[in-house]
Every structure is written in C-alpha cells, then in structure tokens.
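Right, one structure below, let's go through it.
The values are calculated or read from the model by the stated rules, or taken from the named source; none is laboratory data. Not measured: the values here are computed from a predicted model. For neighbour counting, all protein chains shown are included, and Cβ atoms are generated from backbone atoms with ideal geometry for every residue, glycine included.
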Amino acid sequence: MTMGDCLRTNKLIILRGNSGSGKTTIAKELQQVFGNNTMLISQDVIRRDMLKVKDGENTKALPLLEELLRYGRKHSEIVILEGILNAEWYRALFELAVALYGKIYTHITSTSPSRRP
C-alpha cells in the first residue's frame, strides 16, 4: 500500500505558513507522491496570477478559493490547499473546509528553509 492509497477518498491537506517557508515546494512534492486525481490549490496562484488582487480581509480571492474547495471535494480524491492563509481573513474558508471534508490534515511552517537547522 502506498502513501497515496492511505489517504484516498476526498481528503484535504492544508499547508499554511510564512512567506518563503517551503509551503509550495512541499505541496508540489505531495501532489507528485499522491499522483493522479490530486488537486493543488495555491493561494498565490489564485490571488496574484489569476485574479491580480491583494490579500487581506474580504479579498476577492476568497470566493474562488471556496469554489475550488467545493470542486475538489466533488471531483478529486485529495485536495492540497497551500498559502499564508491568515486565520482571521480566511476563517470562512476554513469553516467551509471543515463542513466539506470533516477531518483535515494540516501542517504549519514557520521559518524559511534557509533558516532551518
């Protein structure tokens, strides 16, 4: 049984942390490990690249992130959500995540890779 097999059936992994802490790198590696039907949602890609909007309270990225979580729940076996994702600003997203997925696997990074021992 592979690592991917252990997590199949609509699982959500959230990677949060400071800028430059390795969230995106870890998320991309996990997507490769889990393989097919693993959806990666990157806050920076949605906010900066797709929508060109600022982060903050009531960011215009929030509705799209919520829709992507819904899409992932319906169509993907594993969804990985990664970003700084300020707890206060994204509270509605986290509440939706719990409602959709129940148990959520989380990891919070706090230092940049260059500062790790």
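In the stretch 70-84, the residue that is nearest to residue 96 (Cα to Cα) out of those that are out of contact with any helix residue (DSSP H, G or I) (no Cβ under 6 Å at 6 or more places or on another chain) and among the hydrophobic types (A, V, I, L, M, F, W, C) is 81.
Scanning the stretch 11-57 for residues being of a type in the set (A, V, I, L, M, F, W, C) and not in a helix (DSSP H, G or I) gives a total of 9. Out of curiosity, is residue 30 surrounded by 15 or more Cβ atoms within 10 Å (Cβ to Cβ) and out of contact with any helix residue (DSSP H, G or I) (no Cβ under 8 Å at 6 or more places or on another chain)? Considered against the rule, which asks whether it is surrounded by 15 or more Cβ atoms within 10 Å (Cβ to Cβ) and out of contact with any helix residue (DSSP H, G or I) (no Cβ under 8 Å at 6 or more places or on another chain), residue 30 comes out as yes.
I need the full set of residues from the stretch 31-75 which are of a type in the set (Ser, Thr, Tyr) and in contact with a Ser or Thr (Cβ under 7 Å, 6 or more places away or on another chain), in order please. Matches in the stretch 31-75: 38, 42. The residues on offer are 50, 39, and the sole one that is surrounded by fewer than 18 Cβ atoms within 10 Å (Cβ to Cβ) and among the hydrophobic types (A, V, I, L, M, F, W, C) is 50. Would you check if residue 92 is assigned to a loop (DSSP other than H, G, I, E, B) and either out of contact with any Gly (no Cβ under 8 Å at 6 or more places or on another chain) or modelled with pLDDT under 95 (or both)? No, not satisfied.
Screening the stretch 55-90 for residues that are of a type outside the set (A, V, I, L, M), under 13 Å from the mean Cα position of the chain (by Cα) and surrounded by 16 or more Cβ atoms within 10 Å (Cβ to Cβ) and picking the one that is nearest to residue 41 (Cα to Cα) gives 82.
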